[in-house]
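Here the structure is laid out as structure tokens; the discussion comes afterwards.
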Amino acid sequence: MLTPGQIRPVIPQALESIDLPGLAGERGQVRDNFVLQDGRRVVISTDRFTIFNQQVGLVPYKGQVLNQLTLWWFEQTANIMPNHLIDVVDPNTTIALTAHPLPIAVVVRAFLTGVTPASLWMRYEAGEREIYGMTFPDGMRKNQELPQPIVTATSKEFGRTHEQPLTDEEIVALGPEQSLWERIQDKALKLFMRGQQLCILSDLILVDSKYEFGLDLNGDLVLIDELHTPDSSRLWRSDTYDELFEEGQEPESFDKEFVRLWYQAQGYRDGDKLPPLPDDLIVTISRHYQDVYEMLTGTPFLPATYPSQRRIWAALHAANVLG
């Protein structure tokens, strides 16, 4: 993991976006996507950092961590279901199958937690007891483990989750047939369980995780986007969770949640216009993401060079993607 002194100087060079000559791009919250004529897609993970669906800054090495950690997770879960990965040609760059994203974001939740409107805790704290089709008793506490993980879904557009909770009927009305939705739920639970098993070996708890699914050009279901990263999942340190929970304190977090809590501590809420991240927090986020990568993969994080654009162009030329 890099030191603050190694991270701070490259903050101005962090990757905000990239253009690929001759290719039309789609900009998501974090990834820039470019469709090729042969049925493949170029997916570039940038350093954009979003909170409450707002971009609040750039975090060096974040895109690299997301891309390379997703590659690792895809390898660990390939026997559960196919994914869109073809090749990783650069630390930030994946060549993937083109797939039609389904109009839902699937989230498996194993704890009563969260600070966004669609989170279990925010809805429970507001007095709801029937949430996502599950009945919750009175007297539960924030960050408490559920009896078993539950599969939930929210509506979305490409690359941007609106966090509008959906019922099973609403999900099927959006497009996935009932049989496909049942298969998605089964796969999401199996992916989550594999994630829990591997996280606990690294002294981490996989608290919840978002999964994106799509249909490839043959109509087959594939896993797309990212998998079990600090952007798509909540990750807590396992060896301090019990003590902190009993004391009513927040768990040690290795994901975006500590940044959400930081903004809340400054008086900001979902829907407010947020100020940009201060440099000290950017450094902390970068180190957290690198730390998760090293804890899970068991290998040191090897930083790619900045600026990123020329490196990515060269990699795509070498892969015969750019002429």
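When residues in region 106-150 are screened for being under 21 Å from Glu246 (Cβ atoms), of a type in the set (Gly, Ala, Ser) and in contact (Cβ under 8 Å) with a residue 12 or more places away in the chain, 2 of them pass. Condition test on Glu257, is it in contact with a Lys or Arg (Cβ under 9 Å, 6 or more places away or on another chain) and not β-branched (Val, Ile, Thr)? Considered against the rule, which asks whether it is in contact with a Lys or Arg (Cβ under 9 Å, 6 or more places away or on another chain) and not β-branched (Val, Ile, Thr), Glu257 comes out as yes.
Counting the residues of region 78-102 that are over 17 Å from Tyr211 (Cα atoms), without any contact (Cβ under 8 Å) to a residue 24 or more places away in the chain and assigned to a loop (DSSP other than H, G, I, E, B) gives 0. Are any of the residues in region 65-74 touching a strand residue (DSSP E or B) at 6+ places or on another chain (Cβ under 8 Å), surrounded by fewer than 16 Cβ atoms within 10 Å (Cβ to Cβ) and either in contact (Cβ under 8 Å) with a residue 60 or more places away in the chain or within 19 Å of Phe213 (Cα to Cα) (or both)? No, region 65-74 contains no residue that is touching a strand residue (DSSP E or B) at 6+ places or on another chain (Cβ under 8 Å), surrounded by fewer than 16 Cβ atoms within 10 Å (Cβ to Cβ) and either in contact (Cβ under 8 Å) with a residue 60 or more places away in the chain or within 19 Å of Phe213 (Cα to Cα) (or both).
Taken over region 180-233, the criterion of being touching a helix residue (DSSP H, G or I) at 6+ places or on another chain (Cβ under 9 Å), farther than 23 Å from Asp47 by Cα and in a loop (DSSP other than H, G, I, E, B) is satisfied by Ser202, Asp203. Residue pairs whose Cβ atoms lie under 9 Å apart, separated by 6 or more positions or on different chains, with the first residue in region 18-30 and in a loop (DSSP other than H, G, I, E, B) and the second exposed (fewer than 11 other Cβ atoms within 10 Å of the Cβ) and not charged (D, E, K, R), are Pro21/Gly323; Gly22/Gly323.
Taken together, the criteria exclude Pro303 from residues that are within 23 Å of Pro91 (Cβ to Cβ), of a type outside the set (Val, Ile, Thr), surrounded by 22 or more Cβ atoms within 10 Å (Cβ to Cβ) and out of contact with any His (no Cβ under 6 Å at 6 or more places or on another chain). Please state which of the following conditions Asp280 fails to meet, knowing it meets all the rest: (1) in contact with a helix residue (DSSP H, G or I) (Cβ under 7 Å, 6 or more places away or on another chain); (2) farther than 27 Å from Val43 by Cα; (3) not in a loop (DSSP other than H, G, I, E, B). If we test Asp280 against (1) in contact with a helix residue (DSSP H, G or I) (Cβ under 7 Å, 6 or more places away or on another chain); (2) farther than 27 Å from Val43 by Cα; (3) not in a loop (DSSP other than H, G, I, E, B), just (1) comes out false.
Kindly indicate which of Arg109, Arg123, Arg129 is surrounded by 15 or more Cβ atoms within 10 Å (Cβ to Cβ) and farther than 26 Å from Asp225 by Cα.
Arg123
Screening Thr46 against (1) crowded, with 23+ Cβ neighbours inside 10 Å; (2) on the phi > 0 side of the Ramachandran plot leaves a single unmet condition, (2). Working only within region 118-156, note down all residues that are in contact with a helix residue (DSSP H, G or I) (Cβ under 7 Å, 6 or more places away or on another chain) and of a type in the set (Lys, Arg). Result: Lys142, single match. Is there a residue being more than 25 Å from Leu120 (Cα to Cα) and hydroxyl-bearing (Ser, Thr, Tyr) anywhere in region 270-292? For region 270-292, residues more than 25 Å from Leu120 (Cα to Cα) and hydroxyl-bearing (Ser, Thr, Tyr): present. Counting only residues that are in contact with a helix residue (DSSP H, G or I) (Cβ under 8 Å, 6 or more places away or on another chain) and more than 18 Å from Leu66 (Cβ to Cβ), which one in region 234-268 is surrounded by the most Cβ atoms within 10 Å (Cβ to Cβ)? Checking each candidate, the answer is Pro251.
Note on region 236-261: among residues that are farther than 21 Å from Ser209 by Cα and in a helix (DSSP H, G or I), the one that is nearest to the chain's Cα centre (by Cα) is Leu244. Do we have Thr116 as modelled with pLDDT under 95, part of a strand (DSSP E or B) and either under 18 Å from the mean Cα position of the chain (by Cα) or within 30 Å of Asp291 (Cβ to Cβ) (or both) here? No.
The values are calculated or read from the model by the stated rules, or taken from the named source; none is laboratory data. The model shown is predicted, which means the values in this text are computed figures rather than measured ones. When we count neighbours, we look across all protein chains shown, and the Cβ atoms used for this are built from the backbone with ideal geometry, even at glycine.
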